[in-house]
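Colleague: I have a structure here, written as structure tokens, and I will follow up with some questions on it.
What follows draws every value from the coordinates through simple rules; no lab data is involved. If you're wondering where the values come from, they're calculated on a predicted model, not measured in any experiment. Methodologically, a virtual Cβ is constructed for each residue, glycine included, from the backbone with ideal geometry; neighbour enumeration extends over all protein chains shown.
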Amino acid sequence: MSKILTIGLVELNSIARGIETCDIMAKASDVELIDSYPVCPGKYIIMVSGNVAAVQSSVERGIETASANFVDKLILPHVHPQVIPGLMGTAQTDHIQAVGILETFSVASAIIAADASLKAARVDIIEIRIAKGLGGKSFYTLTGNVAEVQAAIDSAALIVEKEGVLVYKTVIPNPHESLKQQLLEW
């Protein structure tokens, strides 16, 4: 993905209203639907990408439609090119060195943190998993040499600690081969 994109996200506390909002957001402007789905506990997430103005318009329309069911939003311009593949489960990492993991209490904070990690150091995203089957929590995994992974996790942790949404962060310098394989197969 070579062009600079913006990610937009709207989180609702109603699945039915979420599906309706997804349709309206997709029709509101020239955005690409990254994903939309129900998450625990009974919430709905909608993610779109495109240029800044289109994403802003789509998210604004989503907030209007969500009305009383609106929970949270995110507009993240100039997103790192690995973030969207990480969210979609299509990251192209086939060699794992050290592993960094950062877990948050919110969807938006995990995406912001993953973007910050990727911009702070020479690392590769393995996966960004948001809220699905996680009770609303989110996490991401990344890889690279130990020093780069540590720098990436530490810089992102500062951001989410300020928001009070950091659950846990860790760096595994030399993961076992079976863990490496497991991470690649998720």
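Colleague: Under 14 Å from the Cα of LYS119, which aspartates and glutamates turn up, not counting those fewer than eight places away in the same chain?
Modeller: Once the sequence-local aspartates and glutamates are set aside, what remains near LYS119 is GLU148, ASP154.
Colleague: If neighbour count is taken as other Cβ atoms inside 10 Å, put VAL107, VAL146, VAL10, VAL171 in order from fewest to most.
Modeller: Final ranking by Cβ density, sparse to dense: VAL146, VAL171, VAL107, VAL10.
Colleague: So, one more: GLY42: net charge of surrounding residues, Cβ under 12 Å, Lys/Arg +1, Asp/Glu -1, itself excluded?
Modeller: Cβ neighbours under 12 Å give a net charge of +1.
Colleague: Given a cut-off of 29 Å, name the pairs among LYS27/LYS169; LYS27/LYS162; LYS132/LYS169 whose C-alpha atoms lie farther apart than that in the structure shown.
Modeller: Check vs 29 Å cut-off fails for LYS27/LYS169; LYS27/LYS162.
Colleague: Next question. Got the relative contact order for the chain handy, in percent, Cα pairs under 8 Å and 6 or more residues apart?
Modeller: Once divided by the residue count of the chain, the mean separation gives 22 percent.
Colleague: Just rank LYS137, LYS180, fewest to most, by other beta-carbon atoms within 10 angstrom.
Modeller: Placing the least packed residue first, the sequence is LYS180, LYS137.
Colleague: Also, quick follow-up: Using each residue's phi in the range 122-128, evaluate 6.51 cos²θ - 1.76 cosθ + 1.60 at θ = phi - 60° and report the 3J(HN,Hα) Karplus result to the nearest Hz, with x for Gly and Pro.
Modeller: 7, 9, 10, 6, 9, 6, 10
Colleague: Calculate the length of the line joining the C-alpha centroid of the range 1-33 to that of the range 114-181, in whole Å.
Modeller: 25 Å
Colleague: Based solely on its DSSP helices, what 222 nm [θ] is calculated for the chain when runs of n ≥ 4 H residues each add -39,500 (n - 2.57) and the sum is averaged over all residues, nearest 500 deg cm²/dmol?
Modeller: -13000 deg cm²/dmol
Colleague: For helix 146-163, report the angle its Cα long axis makes with the longest principal axis of the Cα atoms of the chain; keep it between 0 and 90° and round to the nearest 10°.
Modeller: Rounded to the nearest ten degrees, it is 40.
Colleague: While we're here: Could you tell me the relative contact order of the range 5-79? Use alpha-carbon pairs under 8 Å, at least six residues apart, and round to a whole percent.
Modeller: Details: 166 pairs, mean separation 36.7, N = 75.
The value is 49 percent.
Colleague: Quick one: if you take sqrt(5λ) for each eigenvalue of the C-alpha gyration tensor of the range 91-133, what semi-axes come out, biggest first, whole angstrom?
Modeller: Working through the eigenvalues yields semi-axes of 19, 13, 9 Å.
Colleague: At q = 0.12, 0.19, 0.22, 0.26 Å⁻¹, what is the log10 ratio I(q)/I(0) for the range 5-79, with the Debye formula run over Cα points and no solvent?
Modeller: -0.25, -0.62, -0.82, -1.12
Colleague: What angle, in degrees between 0 and 90 and rounded to the nearest 10, separates the Cα long axis of helix 15-28 from the longest principal axis of the Cα atoms of the chain?
Modeller: The answer is roughly 80 degrees.
Colleague: For a quick check: sort ARG17, ARG122 by the number of other beta carbons within 10 angstrom, fewest at the front. Kindly include the intermediate steps, with their values, before the conclusion.
Modeller: Numbers: ARG17 17, ARG122 12.
With the sparsest Cβ surroundings first, the list reads ARG122, ARG17.
Colleague: Once both axes come from the Cα atoms, what is the angle between helix 52-66 and the longest principal axis of the chain, in degrees from 0 to 90, rounded to 10?
Modeller: Between helix and principal axis, roughly 60 degrees.
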